[in-house]
Each structure stands twice: as C-alpha cells, then as structure tokens.
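Everything on this sheet refers to the single structure shown next.
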Amino acid sequence: MRWRTISYDVAINRNLVVDQAAALSQAEADEADESGFLAGNQMYQDLRGCGWDELARAIAVEREFIFRLQQAEDLEAEAARIDDERQDCFDPAEGLWELDIGVASATIALSALGAIPVGSCNAGGFGGHHQASRPYVAFYLAATDPELLTSIARDANVGLSNAAEGLVQIFAAGDLDLVCFAEVALARCAPSPPLPDATPD
C-alpha cells in the first residue's frame, strides 16, 4: 500500500478557554519525569525546555521521514524500517524522541513556545495502527502565550481547544497540518541569526 493523504472528519475550531487550563507544578512535572506517567500517559517523557534549534532539527528529520514514506512502494514496510532506525538512534533528535511522525515537530514546537507536551498521536496516517481519530498533541499551557498560540494555530489551519484534565490540545484534519504548525511557529518565533560583522575595505 502506498501513502496517501488522509482527511479526518473533524471540525477545525479554536475555542481555547485559558481559565480552564490546568497548571502543573514543578514538583509534579519532576515526579512525572521520574515515573513516566502524566495525565493518563503511561509513556510520558519530559520534553520541557526544547528550543528553536531543536525544533529546526526536528522539522528537517521529520520531513525526511515523511518524504521516504511518501515515495515508498510499501508504506507499512518502510514505516517498519524507519521505526527500526529510530530505535537505534543514539541522538534522541535523530529518532524524533520516539514521537509519531506527523506530530513530532509540533510537539517540540509547543515546548519551544513554553508548553509542557503530555501526549500525542498521528492517527495512523503514516503507517501502523493508532487509536486516535485525528492527529493531535495534548499539553499543559504552562508559560505559552495563548494569543500567540492561537495565532500560529490559525495560520497553520489547525484546531485548538481545551481537553480533559485541564490539558489543551492542538489537532488537525490532515496528516501534514501539524508539521505546518511547527513550521509556522519556527518562522514566526525563532530569533534571526546575527548579521555578520561588516568588513572594512
């Protein structure tokens, strides 16, 4: 089976109510990092503090994997090969932190924006069996600027809403939409590289 774009039956809206977003204390976050359990996710990993350099790398790696899947004659076989490669990566970034392809860079983007990512799923759009009905990333709002987050979500045409247990969620109607969210976040927020010093004649 070759890869094809999947459209998910979901209405894209942005109805974030900040007062309904729960806070996560430093102690709770540290405990979750040790236990690997947070907000129902039994495979939680602490991705707090990722920056724009990590995001740029995540986008590049994720886009390369997506290209391979798009070109593959057998989607499931290529997805299995990529999974094996990712498990052997010494550098977590090269393996996309074991996050699903299609939501990995969006997860890192949220961290760079000051959020605390908790869980995610690509809904099976890049091979394998996944339980979610749409691609999403769930997170604690934490230090994220809600207006900036909403603006980026709007520019990327992804949804944004409150979720269970005080979490917030971005979600998408297409397989590549959350990658677009990450790319918009990087373009909007990453600091520009310094200009080179002028060289006198």
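The values are calculated or read from the model by the stated rules, or taken from the named source; none is laboratory data. Since this is a predicted model, take the numbers as computed values, not measurements. All Cβ positions, glycine included, derive from the backbone under ideal geometry; neighbour counts span all protein chains shown.
General remarks:
- Total residues in the stretch 103-155, condition closer than 20 Å to Gly36 by Cα and assigned to a helix (DSSP H, G or I): 5
- Gln169 vs. criteria at pLDDT 95 or above, surrounded by fewer than 21 Cβ atoms within 10 Å (Cβ to Cβ) and either of a type in the set (Lys, Arg) or under 18 Å from Ala39 (Cβ atoms) (or both): yes
- Scanning the stretch 14-32 for residues that are in contact with a strand residue (DSSP E or B) (Cβ under 6 Å, 6 or more places away or on another chain) and either part of a loop (DSSP other than H, G, I, E, B) or farther than 17 Å from Leu113 by Cβ (or both) yields Asn15, Leu16, Val17, Gln20, Ala21, Leu24, Ala32.
- Residues in the stretch 69-80 that are surrounded by fewer than 17 Cβ atoms within 10 Å (Cβ to Cβ) and part of a helix (DSSP H, G or I): Gln70, Gln71, Glu76, Ala77, Ala80.
- Yes/no for Gly51 being on the phi > 0 side of the Ramachandran plot and not β-branched (Val, Ile, Thr): no
- Looking across Leu110, Leu75, one residue alone is of a type outside the set (D, E, K, R) and under 27 Å from Met1 (Cβ atoms). It is Leu75.
Listed here are the residues, each with its yes/no results for (1) surrounded by 14 or more Cβ atoms within 10 Å (Cβ to Cβ); (2) out of contact with any strand residue (DSSP E or B) (no Cβ under 8 Å at 6 or more places or on another chain); (3) closer than 22 Å to Ala104 by Cα; (4) without any contact (Cβ under 8 Å) to a residue 12 or more places away in the chain.
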position	(1), (2), (3), (4)
Glu34	no, yes, yes, yes
Ala39	yes, no, yes, no
Gly49	no, yes, yes, no
Trp52	yes, yes, yes, no
Phe65	yes, yes, yes, no
Ile82	yes, yes, yes, no
